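The values are calculated or read from the model by the stated rules, or taken from the named source; none is laboratory data. What you are looking at is a predicted structure, and each value in this text was computed from that prediction instead of being measured. Every residue, glycine among them, receives a Cβ derived from its backbone with ideal geometry; neighbour counts consider all protein chains shown.
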Amino acid sequence: MIERMHETFARMGSRSAQAMAHFTAFPGDTEEMHAQKSLSAGGTFFILPVTLVWGSAYLMYGETTAALITFGYTLICLFGLAHMRRTGSLQVHALLQLSATLLLPFALTLVLGGFTSSSAIILGAFMAPLGTMLYYQQTSPPAWLAGYIGVLALAGLLDPFVRRSNGLPELLILTFFVLNAIVNSIFIFLVLRTSLQQREQATALLQLEQEKSERLLLNVLPASIAAILKDDNRTIADRFETVTVLFADVVGSTPLAEELDPVQMVDLLNEVFNYFDSLVEAAGLEKVRTMGDSYMIVSGAPQPRPDHAQALAQVALEMLAFAEHAQSPLISRLQFRIGMNCGPVIAGIIGHTKFHYDVWGDTVNVASRMESHGEAGRIQITRPLYELLREEFNCEPRGWIEIKGKGAMETWYVTGPRIAAA
């Protein structure tokens, strides 16, 4: 934001304004305070040459009181800048500058003979409420606008009682009128331009933060669930009659954890799980969570699909192949033990802060048992899942095994896709 403001002043041909903005910087200033000081100093620098020209012209034509008022404005602004540089506080400078901007044009209007004879210089007092919006937001812009309207109305009431002429030539009065209009127009333009730039920057930053939040949300939730959660603050829970659940465990990670430093171990698991993530994303499945060196996937939720079993079985085979064909010597020392099951589940969002999408039910429990009671480098499945896969995948019977909490269960190993006969 500061660079943009400096560019604005540079376009006006005023490199000195940039130097003054840096001159007013103070250690410990926040970015917002630095920005306000930069604008305040730049605005002061912009108007001071104008006051010197006006004051010199008034003095040349014998309007001493008007010249003293104008030069007084210059001194007030310079004192405020010096105080801001010495103390680092914007408050004194801003109040002095705004007050002088509001009151001294009113005084000049009366001294020079009213609206016409003063070249409508009181319109310059409008810079006071504009200044509060631009560089001194600690005060109330409506209050300063009311002050401007008040002095404008008072000048109008007093206009019939002031002298009707001054020592300035008519051509100079006209010139000053045009210059007053130009100076005020430029200042209003700069205020609006800066405000628009600030709004555009705020909008861009907001959009960037929204995109970051969106990406973070999609990292922990399915896209369809994230869309519901953003628009509807309700409990999200659904029942799915038939899905396939996979649990995978990294076998061999514990010995490696004793050999590697923490960073190497985390990098290793990241490489493995990032590859798994890519498989899940490519297949259109849903990663549920990782737990230490374990990985869980569901197929068929939250988006039902008729090939949920086949899609997840193919991913499971590719997961096993990763360790077998990995070029990394560390990954080649790993094996994956995978268990799968199919059936009904309940799925939904758990938590209000560190929330995640999860699935529950006996189907999940049995899938977990298939993994924990399986063998490294093998994919163990239940009979219901075997019935869904046997037409398209080669399955090797393991036989009946005792499963904790379930008793004896008949299981199979998925060994690869079934190759159709030529």
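Select from region 346-367 the residues that are surrounded by fewer than 19 Cβ atoms within 10 Å (Cβ to Cβ) and in contact (Cβ under 8 Å) with a residue 40 or more places away in the chain and write down the one among them that is farthest from the chain's Cα centre (by Cα).
First, the residues of region 346-367 that are surrounded by fewer than 19 Cβ atoms within 10 Å (Cβ to Cβ): 346, 348, 350-356, 358, 360-362, 365.
So of that shortlist, the ones also in contact (Cβ under 8 Å) with a residue 40 or more places away in the chain come out as 346, 348, 355-356, 358, 365.
Numbers: Ile346: 35, Gly348: 28, Phe355: 21, His356: 23, Asp358: 28, Asn365: 40 Å.
Filtering region 346-367 for residues that are surrounded by fewer than 19 Cβ atoms within 10 Å (Cβ to Cβ) and in contact (Cβ under 8 Å) with a residue 40 or more places away in the chain, the one farthest from the chain's Cα centre (by Cα) comes out as Asn365.
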Any hit, region 337-346, residues being in the same structural domain as Ala282 (by TED's automatic domain parsing), modelled with pLDDT of 95 or more and closer than 17 Å to Tyr275 by Cβ: yes
Selection within region 168-183 - over 15 Å from Ile47 (Cβ atoms) and surrounded by 14 or more Cβ atoms within 10 Å (Cβ to Cβ): Leu168, Leu172, Ile173, Thr175, Phe177
Residue count for region 280-325, restricted to those that are in a loop (DSSP other than H, G, I, E, B), without any contact (Cβ under 8 Å) to a residue 40 or more places away in the chain and buried (at least 20 other Cβ atoms within 10 Å of the Cβ): 1
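Starting from residues that are part of a helix (DSSP H, G or I) and either exposed (fewer than 14 other Cβ atoms within 10 Å of the Cβ) or on the phi > 0 side of the Ramachandran plot (or both), keep the ones in region 80-91 and report whichever is farthest from the chain's Cα centre (by Cα). Please lay out each step first, then the result.
Initially, region 80-91 is screened for residues part of a helix (DSSP H, G or I), giving 80-87, 91.
Right, trim to either exposed (fewer than 14 other Cβ atoms within 10 Å of the Cβ) or on the phi > 0 side of the Ramachandran plot (or both) and you get 82, 86-87.
Working: Ala82: 37, Arg86: 35, Thr87: 33 Å.
Ranking the candidates gives Ala82 first.
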Residues located in region 326-340, provided they are in a loop (DSSP other than H, G, I, E, B) and either without any contact (Cβ under 8 Å) to a residue 12 or more places away in the chain or not hydroxyl-bearing (Ser, Thr, Tyr) (or both): Ala326, Gln327, Pro329, Leu330, Leu334
Residues of region 62-91 satisfying the condition of being touching a Leu at 6+ places or on another chain (Cβ under 8 Å) and among the hydroxyl-bearing types (Ser, Thr, Tyr): Thr70, Tyr73, Thr74
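Quick one: is Arg333 in contact with a strand residue (DSSP E or B) (Cβ under 6 Å, 6 or more places away or on another chain), surrounded by 15 or more Cβ atoms within 10 Å (Cβ to Cβ) and within 26 Å of Leu269 (Cα to Cα)?
No; evaluated as a whole, the condition is false for this residue.
What residue, of Gly343, Gly405, Gly377, is in contact (Cβ under 8 Å) with a residue 12 or more places away in the chain, on the phi > 0 side of the Ramachandran plot, surrounded by fewer than 16 Cβ atoms within 10 Å (Cβ to Cβ) and under 45 Å from the mean Cα position of the chain (by Cα)? So that I can check it myself, show each step before the final result.
Working: Gly343 fails: surrounded by fewer than 16 Cβ atoms within 10 Å (Cβ to Cβ); Gly405 fails: under 45 Å from the mean Cα position of the chain (by Cα).
Going through Gly343, Gly405, Gly377 in turn, the sole match is Gly377.
Does Pro160 satisfy being over 48 Å from the mean Cα position of the chain (by Cα) and in a helix (DSSP H, G or I)? It would help to see each step written out before you state the result.
Working: over 48 Å from the mean Cα position of the chain (by Cα): yes; in a helix (DSSP H, G or I): yes.
Spelling it out, Pro160 is indeed over 48 Å from the mean Cα position of the chain (by Cα) and in a helix (DSSP H, G or I).
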Phe273, sole failed condition from (1) touching an Asp or Glu at 6+ places or on another chain (Cβ under 8 Å); (2) free of Cβ contacts under 8 Å to residues at least 24 places away in the same chain; (3) among the aromatic types (Phe, Trp, Tyr): (1)
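Return the residues of region 27-59 that are in a helix (DSSP H, G or I), of a type in the set (Val, Ile, Thr) and exposed (fewer than 15 other Cβ atoms within 10 Å of the Cβ); say none if nothing qualifies. It would help to see each step written out before you state the result.
First, pick out the residues of region 27-59 that are in a helix (DSSP H, G or I): 31-59.
From what is left, the residues that are of a type in the set (Val, Ile, Thr) are 44, 47, 50-51, 53.
Once the filter is applied, which keeps residues that are in a helix (DSSP H, G or I), of a type in the set (Val, Ile, Thr) and exposed (fewer than 15 other Cβ atoms within 10 Å of the Cβ), region 27-59 yields only Val53.
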Close pairs (6 angstrom Cβ cut-off, 6 or more residues apart or separate chains): part of a helix (DSSP H, G or I) in region 188-201, among the hydrophobic types (A, V, I, L, M, F, W, C) and at pLDDT below 80 anywhere: Val191/Leu134; Gln201/Met1
Test: Gly62 is small (Gly, Ala, Ser), over 20 Å from Leu190 (Cβ atoms) and either at pLDDT below 85 or surrounded by 15 or more Cβ atoms within 10 Å (Cβ to Cβ) (or both): no
Among residues of region 108-120, those that are part of a helix (DSSP H, G or I), over 12 Å from Val151 (Cβ atoms) and hydrophobic (A, V, I, L, M, F, W, C), counted: 3
Enumeration of residues in region 68-114 that are under 17 Å from Asn184 (Cβ atoms) and among the hydroxyl-bearing types (Ser, Thr, Tyr): Thr70, Tyr73, Thr101, Thr109
